[in-house]
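Remarks on the structure that follows.
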Amino acid sequence: MKKIWDKIFLKKEKKKQEIREENRFNVFLEQTEDKLNQKTIIDTKQKHNGDPILEFKNVYKYFGANNKICAVNNLSFTLYDNENVALIGANGAGKTTTVEMLAGITNQSKGEINYLFDYTINFQEKIGIQFQDSAYPNGLKVKHIIKFIVDVYKVDINDAEIEQMITAFGLKEFYNRKAKSLSGGQQQRLNILLALIHKPKIVILDELSTGLDISVRTKIIDFIIHYCKFFNIQILLISHNMDEVELITDRIMIMQKGQLKVDLRKKDVIKKYGSIQKLAEKYI
Ligand SMILES: Nc1ncnc2c1ncn2[C@@H]1O[C@H](COP(=O)(O)OP(=O)(O)O)[C@@H](O)[C@H]1O
Ligand SMILES: [Mg+2]
């Protein structure tokens, strides 16, 4: 008898639990819907401290059979000199696709991307990228990879400066180690160093602090900010960490479903919403 009661009781409990979960899921869906219904705020009258260096004009990117997936949907924005920009948004919003088009890794399906900065042969020589994942060739040491980049880009840098850089990134003791044998955080530091060493005009940092512990992170961010200011490198930062966004950038762009929903000066965000986190919570 007891067993049957137990069974009935368990069944009821299971049903209740399912209903609770369904409710929670509905609340979640409503919240997501709310976020998508937030109004678009693009401040076209922003004061910029420099000339335009790059522009996206009505850019689209489609993927999949019959171009079913619209990863980037009519995206327009301009980047300027002396300005670091954050590109934020939920997973799948189209951030990586956007920067891959910017860097010329993939072509847009429609629209224009114009590079307005000076370059000698190819605009790509003036773009540095640190990606979320890295695949170093087998057997190459950290020093080989650095040397390779220095040679390819004909970087004007001497041994003492390379040493300063590897020291700043905490990589000095790994200089003679195979890159593949480094830990995730160490590889990440090498990725960032490689994106910066040729002093590009724009550097794309995609989830810069993945795998970095707090003590290293603070030092590296500090170095990046100063280095980029000194060599006039503009940062395009993709990040889910709003403290990092606050530290590094001057302007906040938020993407949703391939579209630009917010484009505001950081100081205006803080004035209006109190913090970048508060704005992000409304849209992401
Ligand atoms: N190579 C690809 N093939 C098919 N779909 C893709 C490809 N790359 C990205 N997507 C899709 O495009 C959308 C945007 O992706 P992505 O740019 O990676 O977003 P984010 O970087 O903001 O997370 C997602 O729906 C993703 O699944
Ligand atoms: Mg991404």
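The values are calculated or read from the model by the stated rules, or taken from the named source; none is laboratory data. Just so we're clear, the structure is a prediction, and the values are computed from it rather than from any experiment. Every residue, glycine as well, gets a Cβ built from its backbone with ideal geometry; the counts of neighbours run over all protein chains shown. Protein only, heavy atoms only, side chains kept; ligands, DNA and RNA dropped before computing areas. Shrake-Rupley method; radii C 1.70, N 1.55, O 1.52, S 1.80 Å.
Structural remarks
- Sequence ranges 20-26, 147-153, ranked by mean other-Cβ count within 10 angstrom, highest first: 147-153, 20-26
- Using a probe radius of 1.4 angstrom, the carbon and sulfur fraction of the accessible surface of the stretch 170-255 is 53%.
- Accessible surface of the stretch 4-127, 1.4 Å probe, proportion on carbon and sulfur as whole %: 50
- Grouping the Cα pair distances of the chain into 10 Å bins from zero gives a pair-distance distribution of 6, 25, 30, 20, 10, 5, 3, 1, 0 percent in increasing distance order.
- Amide hydrogen neighbours beyond the local backbone of ILE41, cut-off 5 Å, H modeled: VAL262, ASP263
- Accessible surface area normalised per residue over the stretch 49-118 is 46 Å², counting heavy atoms of protein chains with a 1.4 Å rolling probe.
- Per residue, the solvent-accessible area of the stretch 160-284 (1.4 Å probe, heavy atoms of protein chains only, all protein chains present) comes to 44 Å².
- Considering only ILE157, ILE197, ILE248, the Gaussian network model of the chain with Cα springs below 10 Å gives its largest mean-square fluctuation to ILE157.
- Fluctuation leader among LYS45, LYS95, LYS110 - the chain, Gaussian network, Cα springs under 10 angstrom: LYS45
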